[in-house]
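All remarks here apply to the structure that follows.
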């Protein structure tokens, strides 16, 4: 019965684009939808922050320091009397921006390098791979720390550092995909037709690697947000009075005994945003992986 | 096998050279006089000049690098700009503490992760399975420094059961090692579960059950053995990741390790120590990865020594 349904469904779906199929598959995945919902809330919060709170995220209000969560200040206030909820709302702008710009840097630099390295192979590939080996010799957040040490602190440098630190991931991913795709017959056919290498890569090979790139980018946004918060926590990222979550948490730690809401809420914000991107990433991976698609 | 190990080590040489160039570049990248950066912000003009002469900082970059590497090979990583002690001495003091922390976290992560993964797989879709899989999603998403602070809040500040920082007896290991290990435990739990489920579907498991073996024996003796390789892969990959996490965890728990030394030295602009700690962490990471590769080759007969595949 169910297999007949699947056949029927497939017939109906035959006209659908790949994109629509992925979207439909994603919509059926409850975990992925939970991720989308979380991210949607953060996105709305970031965009409409000035409408959602009347408090200024950076201006001190010393008379109101260390207020516990209440109806007026739902997440309480910090050591300078600033509303923690307002700071978390505005902080989501910073975190989302860091995530997006960092991933863009990784994509813009990592994808072309990986594609060329995989397509042409030979000496170029050898050199690129050794350079990437050097970059991945620094575990996790360490490469970002090294870059920030050289560039200095601040949100912009955090974006650059986390972006550059994500290049190896993209280069390796795209190189691997290109190596797999370039042996396929349609690439050989394109070559026989005299289509230029650049056009083959951009029009024929890269579109076939898009799935893994999209999935990786979703996870990479989460990683960049975690790294940026880590840098902020160490005092190497965003600087006061920026309402960056990691920096807020680091400052709040000094008052953990008396006002733990200063660490609890920023940490929960980071956790939820990262969880949102991870759930979406898991869902996208399932949706884009033909093997896991039930109706195929 | 020996040939494979030698080749794997040789491949690491250009990587380590590259790492040394990058570490060397740290000081040349920051604005200002490298001699002052190495000597420290509070150094006397005489000491700055001495550093400049010793490291040939008035010569070309390639000569400076040559001096740097030859000093490095002799174990001379310069002196701390603050304590004036040799960097190598500082590293030698801190290094075992980081290794101990990483090993303890890996042990905790393995026990927790594999335990949860095995139970989840054998009781699929049970309450335990659902709860542990949600916990593992949260465990991967939670920032390690926040987890640390929350555990401190609960077990040190509120309950007063465990010390909130420093290194001493076994009780001082519990919170930092658990903090550092939880994310890894979450990953190990997910991988153990999925590879167990994969294995439990196979024919030899059906045969084992059909023979009348108890479920316990089927799971622990037959399935676990085959499910082990992907788990070990993740453990190997994660062990290096623990070094990155150690930087944050050590800062939270005032743990006297390499990671905290690095952060402190960055914040105080003690660049010789920054270089030393970064170099040590990277070299450790590279060596661990080689060890992991060799371990796979040993464990997984599908990886051939001749081609060195499996990298």
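The values are calculated or read from the model by the stated rules, or taken from the named source; none is laboratory data. From a predicted model like this one, the values you see are computed outputs, not experimental measurements. Every residue, glycine as well, gets a Cβ built from its backbone with ideal geometry; the counts of neighbours run over all protein chains shown.
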Completion exercise
Checking B:183, B:142 in turn, the sole residue that is within 21 Å of residue A:267 (Cβ to Cβ), within 14 Å of another protein chain (Cβ to nearest Cβ) and at pLDDT below 90 turns out to be B:183
Problem - Selection status of residue A:264, in a helix (DSSP H, G or I) and within 11 Å of chain B (Cβ to nearest Cβ) - result: yes
Handout entry: the stretch B:1-34 - residue that is more than 14 Å from chain A (Cβ to nearest Cβ), without any contact (Cβ under 8 Å) to a residue 24 or more places away in the chain and farther than 16 Å from residue A:150 by Cα and, of those, surrounded by the most Cβ atoms within 10 Å (Cβ to Cβ)
Key = B:6
Exercise for the section: Report whether or not residue B:51 is within 23 Å of residue B:289 (Cβ to Cβ) and surrounded by 18 or more Cβ atoms within 10 Å (Cβ to Cβ). Expected result: no
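One line per residue, one yes/no per condition, for (1) away from chain A (no Cβ under 11 Å); (2) in contact with a helix residue (DSSP H, G or I) (Cβ under 8 Å, 6 or more places away or on another chain); (3) without any contact (Cβ under 8 Å) to a residue 24 or more places away in the chain:
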{"position": "B:250", "(1), (2), (3)": "no, yes, no"}
{"position": "B:253", "(1), (2), (3)": "yes, yes, no"}
{"position": "B:263", "(1), (2), (3)": "no, yes, yes"}
{"position": "B:271", "(1), (2), (3)": "no, yes, no"}
Practice task
For residues that are under 39 Å from the mean Cα position of the chain (by Cα) and not in a helix (DSSP H, G or I), scanning just the stretch B:199-213, find the one that is surrounded by the most Cβ atoms within 10 Å (Cβ to Cβ).
Solution key: B:202
Practice task
Would you check if residue B:196 is more than 14 Å from chain A (Cβ to nearest Cβ), touching a helix residue (DSSP H, G or I) at 6+ places or on another chain (Cβ under 9 Å), touching a residue at least 60 places away in the same chain (Cβ under 8 Å) and assigned to a loop (DSSP other than H, G, I, E, B)?
Solution key: no
Exercise for the section: Answer yes or no as to whether residue B:215 is away from chain A (no Cβ under 14 Å) and more than 30 Å from residue B:8 (Cα to Cα). Expected result: yes
Fill in the blank from the handout: Looking across the stretch A:224-257 at residues that are surrounded by fewer than 20 Cβ atoms within 10 Å (Cβ to Cβ) and under 18 Å from residue A:83 (Cβ atoms), the single one that is farthest from the other protein chains (Cβ to nearest Cβ) is A:241
Problem - Test: residue B:164 is within 14 Å of chain A (Cβ to nearest Cβ) and not in a helix (DSSP H, G or I) - result: yes
Exercise for the section: Scan A:214, A:178 and give me the residue that is buried (at least 19 other Cβ atoms within 10 Å of the Cβ), within 20 Å of residue A:115 (Cβ to Cβ) and in contact (Cβ under 8 Å) with a residue 12 or more places away in the chain. Expected result: A:178
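Test residue A:239 against the stated conditions and say whether it is part of a loop (DSSP other than H, G, I, E, B) and either under 30 Å from residue A:136 (Cα atoms) or in contact with a strand residue (DSSP E or B) (Cβ under 8 Å, 6 or more places away or on another chain) (or both).
Judged against the criteria, residue A:239 is a match.
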Exercise for the section: State whether one or more residues within the stretch B:38-49 are within 22 Å of residue A:138 (Cβ to Cβ) and over 23 Å from the mean Cα position of the chain (by Cα). Expected result: yes
Exercise for the section: Could you tell me whether residue B:139 is touching a residue at least 12 places away in the same chain (Cβ under 8 Å), farther than 26 Å from residue B:256 by Cβ and either under 19 Å from the mean Cα position of the chain (by Cα) or outside the structural domain of residue B:175 (by TED's automatic domain parsing) (or both)? Expected result: yes
Exercise for the section: Check the stretch B:220-243 and report whether any residue there is more than 14 Å from every other protein chain (Cβ to nearest Cβ) and not in a helix (DSSP H, G or I). Expected result: no
Completion exercise
Apart from one, (1) more than 14 Å from chain B (Cβ to nearest Cβ); (2) modelled with pLDDT under 95 all hold for residue A:104; the odd one out is (2)
Practice task
Determine if the stretch A:281-290 includes at least one residue that is over 22 Å from residue A:166 (Cβ atoms), part of a helix (DSSP H, G or I) and more than 13 Å from chain B (Cβ to nearest Cβ).
Solution key: yes
Exercise for the section: Run residue A:256 past the list (1) in contact (Cβ under 8 Å) with a residue 24 or more places away in the chain; (2) under 30 Å from residue B:160 (Cα atoms) and report the number of the one that doesn't hold. Expected result: (1)
